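A.B. asks: Here it is: the structure, laid out below.
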């Protein structure tokens, strides 16, 4: 029952709320007249405030409260949204995010927000003078002075409650008494809180939540609670928690609320504990049968306690452990299959085959567990693009499609930074400024498309702008000037090849180094990052029409389907995803073209590469054979045939790295352990295609 | 008084070498090694050590001593230095001794053909046994390997 349990819930939910605040603010900015969005924002802010106050993060709560004041004026048509108001609200969101991050990192969530608070207050005061008095009053009251008395509501909580009453919610004062023979009263109290949190919001409790958790209370506590449910309904819900002696819920209206909050703090603080033991003595028999009767029918009560959550949050490390264990299992499975095929016992073979199917299903599930929607990365981009466009004085729409596409968590974790970089590029260099766009006959507002979609064993993420496009000639010149290419080489590059030079190390075409991008350390880092994830990035561009950066990513990083091949005494694995086809060619079909060996493949000529030569395999040379097995692999549009000795078969393999000590080996992307315990190297087909 | 350390003793040719015991993970018998192409000749390849892929180095090759046939006595010493796991192929490994740090002297320029920078020192044990203490982080220093290769190439 320690605080951490609430804390992780609080952090998760705060992040959700902050995200929805951000999204809705963006929506509102596009549609400033839509009061429906303001309502949504207000509700989010309100919940956030309530949660923060309950958890004791005063700074967070007071800042949200100020935001609420502004929003309140807006939704009541007393204030029109304007640019600077948006900016201030966004700034507040940033500050809130920083606080939540601080809390996540184990901090107190404290931050100096006086500046933002002051500007929020200025908005409330400056724009609508009539509201100034009210705002001042509220802020003065929000000061911590009032909260020092433990029993009383501080003005801040009071205003929350009053607002709720005005909005038509039920505000209840609930007294709960726990049976005296209860061993774990903090647990029971927690269960009550948990129950209540499901159907409403606890604004304040006496004693405080912390004290209750540490069992620093007698056999009773009381609280202020906002809900949509009726008082009697709640009473019976609470009574369903075992070992609860008595629960009374009193609905409050504005008048009684005022009286209660204005009653002397000391009296309010002492009254409940005194009262409760008294009640227990007075009616010792009655509540017990009642509790039993209630316990007899727990099912309907539980159903009314709100739909149980359909998801659980699992520690990422546990998933990793699961994954590792599963990898081991897979290796054993392959080994078993080998043994079974040697033994030739039909019962054994059948069992192993069945196990193979089950483990296949299991693998699918395990992989799915690790899949995360790209939305978790994408969701921060609209805000980023907005800020960026604003600072560059451009008008840009970011259109996101396919945010529900799923990727392995490890990829998701790493892909954020490269995408940020590409997006910044699109906004800064891609989309022209408004004047240039008008001159080119385009709409003033630029569009940046962020797309994610599945294709085969890969996920593609594309960032496409409708800007000026890339001038290949400029790239060539720049590359020559920077010594990346010689003049002759540059002339030989096709336009398409030339613009890929953007990814060459030390290349930056920006004529003016802006604050946003173009510091010269750029796309080469993006490219190597994506390559390290087993992906690839290419750029397509049409002058005057726009630029498209296409990022190709593997669905998963740890288990892949691969073709095992033999070269002499050595075994290698080739990822199935890059194999186009396998076949056998005769020696006579090999042609010498320009000093290199080519074969005809589906109407075109593709190079034939000797793997045994490339890897210097001692005990195999395919040139002595009349017929050679080939594997045709692909990288993008280009194909190459690899000559091998034998196909062993297709297998699921677990990718392992070669260890830190080994330098990068050309043509090898990793290793895997085969069923017989031997290590086989995984071929990186991309290395053969330049 | 300097502290006592435990040292694994292994042999390359006739020389005896020592590695501090806490840097050694396990000592394995010779096992199948998967060759890794396109790398330094002294990197013999990778092994599967209980599910982990670990590169192995022939220590003779690393020190530029003529490589020998592997025998029953040949061992792979798996060390863990700077979070790198690497296996060393050595002629034999059959002793653990206690050594006082004070008994380790700074090495002379060349010992058994190995450059002094790979060495932590030389310890005299018994009457006429000399133990050469290896400086593992230098042995595994990659930037130095690159220079070495470019000199050879």
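A.B. asks: Does residue B:58 fit the bill of being without any contact (Cβ under 8 Å) to a residue 60 or more places away in the chain and crowded, with 18+ Cβ neighbours inside 10 Å?
C.D. replies: Yes; evaluated as a whole, the condition is true for this residue.
A.B. asks: So, in the range A:679-690, how many residues would count as being more than 10 Å from chain B (Cβ to nearest Cβ), more than 27 Å from residue B:141 (Cβ to Cβ) and at pLDDT 85 or above?
C.D. replies: 2
A.B. asks: Among (1) within 13 Å of chain A (Cβ to nearest Cβ); (2) in contact with a strand residue (DSSP E or B) (Cβ under 6 Å, 6 or more places away or on another chain); (3) modelled with pLDDT under 90, there is one condition residue B:44 misses while meeting the rest; what is its number?
C.D. replies: Only one criterion is unmet by residue B:44, namely (3).
A.B. asks: Looking at the range A:635-665, which of its residues are within 27 Å of residue A:496 (Cα to Cα) and modelled with pLDDT under 85?
C.D. replies: A:635, A:636, A:637, A:638
A.B. asks: Collect the residues in the range A:47-64 that are in contact (Cβ under 8 Å) with a residue 40 or more places away in the chain and closer than 23 Å to residue A:78 by Cβ, keeping them in residue-number order.
C.D. replies: The answer is A:47, A:48, A:49, A:62, A:63.
A.B. asks: Which condition number in (1) in a loop (DSSP other than H, G, I, E, B); (2) surrounded by fewer than 16 Cβ atoms within 10 Å (Cβ to Cβ) is the one that residue A:491 fails?
C.D. replies: Failed condition: (1).
A.B. asks: Tally the residues that are exposed (fewer than 15 other Cβ atoms within 10 Å of the Cβ) and facing chain B (nearest Cβ under 7 Å), restricting the search to the range A:664-678.
C.D. replies: Of the residues in the range A:664-678, 2 are exposed (fewer than 15 other Cβ atoms within 10 Å of the Cβ) and facing chain B (nearest Cβ under 7 Å).
A.B. asks: Return yes when residue A:409 is farther than 20 Å from residue A:552 by Cβ, crowded, with 18+ Cβ neighbours inside 10 Å, in contact (Cβ under 8 Å) with a residue 24 or more places away in the chain and touching a helix residue (DSSP H, G or I) at 6+ places or on another chain (Cβ under 9 Å) and no when it is not.
C.D. replies: For residue A:409, the condition - farther than 20 Å from residue A:552 by Cβ, crowded, with 18+ Cβ neighbours inside 10 Å, in contact (Cβ under 8 Å) with a residue 24 or more places away in the chain and touching a helix residue (DSSP H, G or I) at 6+ places or on another chain (Cβ under 9 Å) - is not met.
A.B. asks: Working carefully through the options A:168, A:109, find the one that is surrounded by fewer than 20 Cβ atoms within 10 Å (Cβ to Cβ), under 26 Å from residue A:16 (Cβ atoms) and at pLDDT 50 or above.
C.D. replies: Among A:168, A:109, only A:168 is surrounded by fewer than 20 Cβ atoms within 10 Å (Cβ to Cβ), under 26 Å from residue A:16 (Cβ atoms) and at pLDDT 50 or above.
A.B. asks: Then there is this: Go through (1) out of contact with any helix residue (DSSP H, G or I) (no Cβ under 6 Å at 6 or more places or on another chain); (2) within 12 Å of chain B (Cβ to nearest Cβ); (3) surrounded by fewer than 19 Cβ atoms within 10 Å (Cβ to Cβ) one by one and return the number of the condition residue A:648 breaks.
C.D. replies: (2)
A.B. asks: Could you check the range B:23-41 and list, in sequence order, the residues that are under 14 Å from residue A:616 (Cα atoms) and within 7 Å of chain A (Cβ to nearest Cβ)?
C.D. replies: B:34, B:35, B:36, B:37, B:38, B:39, listed by residue number.
A.B. asks: Given the criterion over 17 Å from residue B:16 (Cβ atoms), within 14 Å of chain A (Cβ to nearest Cβ), surrounded by fewer than 16 Cβ atoms within 10 Å (Cβ to Cβ) and out of contact with any helix residue (DSSP H, G or I) (no Cβ under 8 Å at 6 or more places or on another chain), identify the matching residue among B:83, B:69.
C.D. replies: Being over 17 Å from residue B:16 (Cβ atoms), within 14 Å of chain A (Cβ to nearest Cβ), surrounded by fewer than 16 Cβ atoms within 10 Å (Cβ to Cβ) and out of contact with any helix residue (DSSP H, G or I) (no Cβ under 8 Å at 6 or more places or on another chain) holds for just one of B:83, B:69, which is B:83.
A.B. asks: Of the numbered conditions (1) more than 37 Å from the chain's Cα centre (by Cα); (2) modelled with pLDDT of 75 or more; (3) closer than 25 Å to residue A:61 by Cα; (4) surrounded by fewer than 22 Cβ atoms within 10 Å (Cβ to Cβ), residue A:197 satisfies every one except a single condition; which is it?
C.D. replies: Status for residue A:197: all satisfied but (1).
The values are calculated or read from the model by the stated rules, or taken from the named source; none is laboratory data. What you are looking at is a predicted structure, and each value in this text was computed from that prediction instead of being measured. Note that we place each Cβ from the backbone using ideal geometry, even for glycine, and neighbour counts take in every protein chain shown.
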